[in-house]
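Where a number appears in this text, it was derived from the coordinates with a stated rule and is not lab data. From a predicted model like this one, the values you see are computed outputs, not experimental measurements. Cβ sites come from the backbone with ideal geometry, for glycine too, and all protein chains shown count toward neighbours.
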Amino acid sequence: MSEDNTASLLTVAGVCERLNISRSVAYSLLNTGELPSFRIGRLRRISPQAVEDYVGRIPASRPSDGPEAA
């Protein structure tokens, strides 16, 4: 992996910031495999493409799913 590729890898904190989620939610996604990651020693790293792919798999919410639909 070139230096440019490793520089673009995200930390768990970076994923939390991009997705606006908590650290525990991020680790849950990583532990279930919903968000692929790999380890460098004890460190977790996530590719930006994995985050984009995850976001693409999230179903878009429909207006009828909101509380106003009831």
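Each residue in the range 39-57 was checked for being under 12 Å from residue 10 (Cβ atoms) and surrounded by 12 or more Cβ atoms within 10 Å (Cβ to Cβ), and 8 pass. In the range 20-46, which residues are of a type in the set (D, E, K, R) and assigned to a strand (DSSP E or B)? 39, 44, 45, listed by residue number.
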